[in-house]
1. Which FRET efficiency, nearest 0.05, do SER264 and ASP122 yield, Cβ-Cβ r, R0 60 Å?
2. Simple spin-label model, 7 Å along Cα-to-Cβ: ASN176 to ASP399 in nm?
3. At a 10 Å Cβ-Cβ cut-off, how would you order CYS170, CYS339, fewest neighbours first?
4. Could you give the size of the charge dipole of segment 220-319 about its Cα centre, using +1 on the Cβ of each K and R and -1 on the Cβ of each D and E, expressed in debye and rounded to the nearest 20?
5. Please compute the modelled spin-label separation between ASP151 and SER192, points set 7 Å along Cα→Cβ, answer in nm with one decimal.
6. Calculated FRET efficiency, GLU461 and ALA280, Cβ-Cβ r, R0 60 Å, to nearest 0.05?
7. Remind me, relative contact order of the chain in percent, using alpha carbon pairs under 8 angstrom and six or more residues apart?
8. Find the relative contact order for segment 284-382 and round it to a whole percent, using C-alpha pairs within less than 8 Å whose residues are 6+ positions apart.
Amino acid sequence: MFSATFVLAAALGCSPDTTLTADYPSMAVIPNTVEFYDDARERAGTVVGETATVTLSIANAGDAPLEIQGISLANGEPAFAITALEVDEVGEDESEDLIVSFTPTDFAIYGDTIVIDTNDPDFPDGYTIPLTGEGVDFPRPCIEVDPPELDFGDVEPGDYGFDFITITNCGEDDLNISQVAQTGSGAFSRVSADPVGVVLAPGGTDAASVNFYYEPTTGLGDSGAYVIYSDALGTPELEIPLIGNGGGGAVYPEAVIDCPSSASVLETISLSGEDSTDPAGGDIIAYIWSLEKSPDGSQSSLSATDAVETSVLLDSAGEFVVTLQVVNDAGTLSAPTECRMDAVPQNAIHIELTWNTGDADMDLHLANRLPDEPGENFFLRGEDVNWCATSEDWGNAGDPVDDGILEQDTQDGYGPENISIYEPVEGEYLARVHYYDTDSFSESTATVRFYLDGALFLERERIMERNDVWDVGYVRWPSAVVVAEDEDEQSPLYDAPTRECYTGE
């Protein structure tokens, strides 16, 4: 740091040893050199056309305010940009952030220097920070579909044709398929799961197939398309034509659904097809709804399948897919339109139980403390939420947000059952499964999913027999972790200490 000491003996009439030391700012910049690095791709350089940013901290360790008199690029390289500070000085022992961005426009190496002019006497010509960056390319995915179109040839009305497409990744990075759609004639139907959410590895090593039926009602010809949306380079929206009986030139009605992308678990969603249209000018006279997909264990169904409106209870966490087809007054069926909804738990802790046999009755339990021995607080009023104590006053007395609540109890197979706590207090909450009863004394596989703050944290499954109890695991709050009781090895199942409700008094 620069300091100035003046001997003023003669001027001020002081003794020769009398001195005065002036206070000055002392600037440092962290980091003091910048090379733009792509952390996400773990490589140096920035993709041409993309923008990378670095935050610099301008600190003042001196004894006087640091005045910012100017910040500039020495060479004015346009690929670099500086976001001006909102202050014109930095106080003692304080710092301010300066954001520098880099947007390459070519595959080249770029360089420049930031010059910060201040009142720090150690840097009379300005404080300099070298900048370097490189414009690069990076591995990108591409999509390839074989065959590029499906032509079913001639198919008699009342008969059907079958064909399929295979989707591969011809690029050098993972291909993510985000959405699909179908347009045109409703004579083409998909009979396999859509690849939404599928990630295909590069180099054609992975593949996804979609199977189609063609079932014409007339011999006039049908046409449509299957559309795949992905992050493929150059073709983020790829259309695969669907042709039957020569195609024809018909104009097809279009099914339209007012569809939310997400909703809460246990929310009943109303869906309407009233915005469906017929570009040919006809009237929509029929609606065909279908619940194509729901989470494992869900028992939901549509309230109506042939009305302009329908509704569905989102009884489990996960994805629900509802489709709609419409028919115009000429009897022409539209392609299906999808409504995809994610049912997301809104509670801090949400635990869900399902099982795989229809004749079994399993019960979910949640205790608000860990037992000293297996089964200790099983059915204990005040400590165990279950089918006969559907809520317990935990945490702050009289405040329902920290209580354990059984939101669903299913007695006739598959589930789901779930217990939630909206805002839990600090503690450890043990989840158990009790195989309560069965008509055939058969084994059944229980699946338990732990959701914390709406996200799936852990899923466990276990084969159980009648009257078995499984201590699945416990949630430690507020650290928001799940400790599985059988994470390293299968914890022993044990017989339920009781099968009836009791108070523990």
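1. Working from the Cβ atoms, E equals 0.50.
2. Each label point is offset 7 Å from its Cα along the Cβ direction, giving 3.8 nm.
3. Lowest count first: CYS170, CYS339.
4. Result for segment 220-319 is approximately 200 debye, rounded to the nearest 20.
5. Taking the simple label geometry, SER192 and ASP151 are separated by 2.2 nm.
6. Efficiency at R0 = 60 Å is approximately 0.70.
7. Computed over the chain, the figure is 9 percent.
8. With pairs under 8 Å counted, the relative contact order is 23 percent.
Read the figures in this text as sums done on the coordinates, not as results from a lab. Quick caveat: nothing in here was measured; it's all calculated off a predicted structure. Note that each Cβ is placed from the backbone with ideal geometry, even for glycine, and that neighbours are counted across all protein chains shown.
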